[in-house]
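The values are calculated or read from the model by the stated rules, or taken from the named source; none is laboratory data. All values derive from a computational prediction rather than experimental measurement. Ideal geometry is used to build each Cβ from the backbone, glycine not excepted, and the neighbour counts take in all protein chains shown. Just the protein is used for accessible areas: all its heavy atoms, side chains included, with ligands, DNA and RNA removed. Shrake-Rupley method; radii C 1.70, N 1.55, O 1.52, S 1.80 Å.
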Amino acid sequence: MLQIGPYTFHSRLLLGTGKYPNIDIQKEAVEASGAQILTFAVRRMNIFASDQPNFLEKIDITKYKLLPNTAGAKTAEEAVRIARLAKASGLCDMVKVEVIGCDQTLLPDPVETLKATEMLLEEGFIVLPYTSDDVVLAKRLQQLGCHAIMPGASPIGSGQGIVNPLNIQFIIEQATVPVIIDAGIGGPADAALAMELGADGVLLNTAVACAKDPVKMAKAMKLAIEAGRLGYEAGRIPKKRYATASSPMEGMSVVS
Amino acid sequence: MRCIINGETIHLPSHVSTVAQLLHHFHIHKKIAIVEINMHIVPKEDYEHTAIADGDRIEIVHFVGGG
C-alpha cells in the first residue's frame with residue numbers, strides 16, 4: 001500500500017491527464033491504469049466556450065484523489081497562488097509543487113521548490129514536490145515535512161527513462177517519506193526499473209497519453225509497476241561477474 | 001460595468017453584480033470553477049453575496065489536463 005499523508009492507495013501509479021487524443025480514450029486509459037491519483041493543471045477557463053467538455057466532468061471524481069500541479073509557476077509565490085486556487089475548488093488538499101527553472105529542460109528550480117513546499121506545508125497542504133534527482137535537496141524537502149518526494153527520472157515528456165539510477169537509489173535509501181519517480185518515463189521497462197530500485201510509486205503522463213495505443217500502454221504501465229514492486233519485495237539476486245550453473249554438478253558422469 | 005476577466009476587458013450588463021450572477025451570465029455556474037477577484041479567492045459559499053465592481057480584475061480558472 002502507498003501511504004501519502006493521511007491517504008492510503010493500493011495503486012502505485014499516479015497518472016497525468018494531459019495530451020490524450022480525446023476524452024473517451026483518456027477515460028478508458030485511466031480505467032485501464034488502475035490509478036487512484038490523477039494529476040491536473042490549473043488554467044484560465046474559456047468563459048465563452050461553456051459547452052467545451054472537461055475531463056473532470058466525465059469521470060466519477062469521488063473514485064480518485066486529485067493531485068493538482070502548480071505547473072506554470074516560476075516562483076514559490078506563483079506556486080502557492082495556484083495551489084490555493086486548486087484547493088478552493090473544495091475537491092483536493094494535495095498539491096504537486098512544480099516550479100520550473102529552465103524552459104528548455106523543464107527542470108525544477110530547487111530554491112523556489114523548497115520555498116513553495118515550506119509555504120504550502122504551513123498552510124496545511126499535503127505537499128508532493130517535483131524535484132531533480134538531487135539527494136541533498138530531497139533531504140531538505142523531507143526535513144521540511146513534505147509528504148512525498150518526486151524526483152524526475154529524466155526531463156518531463158522526454159521518455160528517456162531513468163538517466164541516473166544511482167542518484168535515484170541514493171534518494172530512495174535515505175528517504176523517510178514515499179519516493180515517487182516523476183517525469184521522463186518512456187516505457188514499461190522504465191517504470192518497472194523505478195519500482196525495482198525501491199521507489200514507492202511512479203507518476204507519468206506522456207508515456208501513456210502519447211503512446212500509439214494509450215489504453216494498452218496504461219495497462220502495460222500498471223503491470224510493469226506491479227511487477228517491479230513485486231521484484232523489489234522479492235529481493236533480486238546480486239550481479240556476479242561470472243556464470244554460476246543452474247543445473248547441479250552432481251551426476252555429471254552421464255555425459256563425461 | 002467593465003471588468004478584466006482572464007486578462008480581457010469585458011463589458012457586463014447591469015444585472016450582473018455578484019459572482020453568482022457573473023457565473024450564470026457565462027453559463028458556467030454548474031462547472032467546476034474557482035474565482036479570484038483582485039488576487040483574492042472567493043469561497044464558493046460567498047458567490048451569492050460577493051459584489052463585483054467596475055475595474056475588478058477577475059480570474060476564473062478550472063482544472064485542465066496536466067502531468
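Data overview
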read-out: Angle between chain A longest axis and helix A:23-33 axis [Cα atoms, degrees, rounded to 10]; value: 40 degrees
read-out: C-alpha long axis of helix A:165-174 to longest principal axis of chain A, angle in °; value: 80 degrees
read-out: Part-to-part distance (alpha-carbon centres) for chain B and region A:179-247, which is given in Å; value: 44 Å
read-out: Dipole axis of chain A (+1 Lys, Arg; -1 Asp, Glu on Cβ), positive-most option in A:I162, A:S253, A:L223; value: A:S253
read-out: Within region A:124-254: Cβ-based charge dipole about Cα centre, in debye rounded to nearest 20 (Lys, Arg +1; Asp, Glu -1); value: 160 debye
read-out: Where chymotrypsin sites (Phe, Trp or Tyr not before Pro) fall in DSSP loop in region A:1-82, at most 15 other Cβ within 10 Å; value: A:F48
read-out: Greater than 22 Å apart at Cα, pairs in A:K216/B:K31; A:K63/A:K212; A:K19/A:K219; value: A:K216/B:K31; A:K63/A:K212
read-out: Region B:2-62, dipole about Cα centre (Lys/Arg Cβ +1, Asp/Glu Cβ -1), debye to the nearest 20; value: 200 debye
read-out: Accessible heavy-atom area order of A:D60, B:D56, highest first, probe of 1.4 Å; value: A:D60, B:D56
read-out: Enclosed volume per residue, in Å³, of the convex hull spanned by Cα atoms of region A:81-202; value: 101 Å³
read-out: Region A:62-106 - Debye-derived log10 I(q)/I(0), Cα point model, q = 0.14, 0.20, 0.24, 0.32 Å⁻¹; value: -0.34, -0.61, -0.78, -1.11
read-out: Span per principal axis, largest first, for the Cα atoms of region A:2-234 (Å); value: 49, 39, 36
read-out: Leading residue at positive end of dipole, region A:43-82 (Cβ point charges), from A:Y64, A:T75, A:I47; value: A:T75
read-out: On Cα atoms only, tilt of A:135-144 relative to the major axis of chain A in degrees; value: 50 degrees
read-out: Estimated D of chain B in µm² per second, where Rh is the Kirkwood radius over Cα pairs and Stokes-Einstein applies at 20 °C, 1.002 mPa s; value: 176 µm²/s
read-out: Net charge dipole size for chain A [Lys, Arg +1 and Asp, Glu -1 on Cβ; Debye, nearest 20]; value: 300 debye
read-out: Trypsin sites (Lys or Arg not before Pro) lying in DSSP loop within region A:20-91, provided at most 11 other Cβ fall within 10 Å; value: none
read-out: Set of lysines with alpha-carbon distance to A:K139 below 25 Å, sequence-local pairs under 8 removed; value: A:K74, A:K96, A:K115
read-out: Dipole of the protein assembly as shown [Lys/Arg +1, Asp/Glu -1 at C-beta], most positive-end residue of A:L144, A:P188, A:V99; value: A:P188
read-out: Loop-located trypsin sites (Lys or Arg not before Pro) in chain B whose Cβ has at most 16 other Cβ within 10 Å (DSSP); value: B:K30
read-out: Chain A - mean residue ellipticity at 222 nm from DSSP helices (-39,500 (n - 2.57) per run, n ≥ 4, rounded to 500); value: -11000 deg cm²/dmol
